[in-house]
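The values are calculated or read from the model by the stated rules, or taken from the named source; none is laboratory data. Computed from a predicted model, the values in this text were never measured in an experiment. Virtual Cβ from ideal backbone geometry, glycine too; neighbours counted across all protein chains shown. The accessibility values were calculated without ligands, DNA or RNA, using every heavy atom of the protein model including side chains. Shrake-Rupley method; radii C 1.70, N 1.55, O 1.52, S 1.80 Å.
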Amino acid sequence: MSRVEHIELDLNAPSDAISSTKAAVDADVNDKDQINPHPVQTPNLTAPSPSFLSRITNIFSSPIPPPYPPQVLPTRTTSSFLGKWTYSYMNEMMRRGVKRELVQEEFPAVEIYDEAERLSDKLMREWDAEVKKRGVQQARLWRALVSAAAFESRTELGSRSCNATGDLVGRKVRAFGVQYSLAGVAYLVEVVVVTLSSIFLGYLLRWFQNPNATSKEGFLWAMTMSLSTFAHAVLHHVEFYLSMRTGLHLRTTFTTTLYRTLPTLTTTHTSSTGAILSLLSNDIQRFEDAAPFAHFIWVGPLHIVIVAYFMWTEVGYSAFASLAVLVGLIPLQGAFARRFGSLRGKVSEWRDERIKRLSDMLGGVLVVKLYAWETPFIKSITALRNVELKYIRRANILRAINEGIYFASSALIMLPAVLVFHYTQSYSANPQPLTPSRIFTLLTYISAVRLSMANFFPKALQFVSESWVSLERIEGFLKDGCQVEKRDVEGEEAVLRK
């Protein structure tokens, strides 16, 4: 037992005794260090060991400094054809992002096809030409938009010989209308590939039912069906990439055009702050929503015609019973689209009024607080919001009905064909059986056309109708600016004449 355990400090003892006690303690500690200079630490058995998930998380979350100078990430423009359409050029960004936080210098410059200034210049140039040709009242923004999207333009990048993405200055840049046309071609090819996949499935099921069929034939149909399915997956992503990029271009074009128009407005402009905010935040978004589905307005009916022929080869005239149900859904979807457009206009109208009232209250908040007008303003804004929510609720009910029709359309379309086929074959002199290959082939046909007509086609009508309302609102804003500018010029000329 050490001497430290027998030492007790007496606070009332004289200072010499306390000093001697401290010296004894220090001597005892030095003796222990000489005996065991490296004392063994007892492990803490109560502390939990880190789990496997936490170790993996620590590995990925450990900060790694970026290299200096930072290397710019690869772009789609500089990638190969295979890299573009497999999106493998994104692998490097994901690999770096997993290990560390990306810095601004690593991101490449915006591609020349996505430059906001170039897109806005085209639309503003075509809009000015439309106004000069037809006048402010007869000018239409959709004609200017079609002209801006249909023709190629030559980029003007100043004295630089090459921009940041490696594109040569002066080369012809493809307009976004061209890439949207390519997306339409991809949609059409996808319809053909999906139909071929259903045909190959029918032949494969017939091979299973035929005991005399060779294995070579079965492997052939299985391989063709697999290839068509793979082609469908590739085309689906390509077409949606092209169409969604066009939607991004439309949104960028209108946003930049509005921002470039705002500084030119005068105090006599009639548009309120709430209306301008609504245009920038809500109306422009409609174009990006409509771009992926707008092609189904013509692709959907064409898909019905193609599927109708192949269904007729399977079950004869019984296929037209199912197609009648499917075609009967088109007028219903058209009525829904008109209703969506009407509700969209009313929602935008009441939203503009609410935002205007709220902006006025915030702008004069000192006066509102001085006269204690908080409660009347709150009641007024709440009433406007309730009316806006009423129309939003009606639009959501229509969307729910659309979704319900989509999920129930498969049974509604398939049932008439089966019933009519069974009825006609029961009275036929040479009846044909309703085999599994025939049923599953019909199901694949109906599933494919159901996706086009009961899901994408209604969305196309809904979003296109809403986009048309938004286009008219943007057109009215630009026309109002032209009229204000015209009145200001006429006023200045009248003052100068005096």
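Side notes on the structure shown:
- Residue in the stretch 426-437 that is within 39 Å of the chain's Cα centre (by Cα), closer than 20 Å to Ile306 by Cα and modelled with pLDDT of 80 or more present: no
- Remark: Ser359 matches the filter, which requires a residue to be more than 30 Å from Ile446 (Cα to Cα) and modelled with pLDDT under 85.
- Exactly one residue out of Leu358, Leu362, Leu343 is within 24 Å of Ile276 (Cβ to Cβ), touching a residue at least 40 places away in the same chain (Cβ under 8 Å) and open to solvent by 50 Å² or more (accessible area, probe 1.4 Å): that is Leu358.
- Condition met for Tyr89 (among the aromatic types (Phe, Trp, Tyr), modelled with pLDDT of 60 or more and open to solvent by less than 60 Å² (accessible area, probe 1.4 Å)): yes
- Number of residues in the stretch 409-443 that are open to solvent by less than 70 Å² (accessible area, probe 1.4 Å), of a type in the set (Ser, Thr, Tyr) and outside any helix (DSSP H, G or I) equals 2.
- Ala395 surrounded by 15 or more Cβ atoms within 10 Å (Cβ to Cβ) and over 30 Å from Glu190 (Cα atoms): yes
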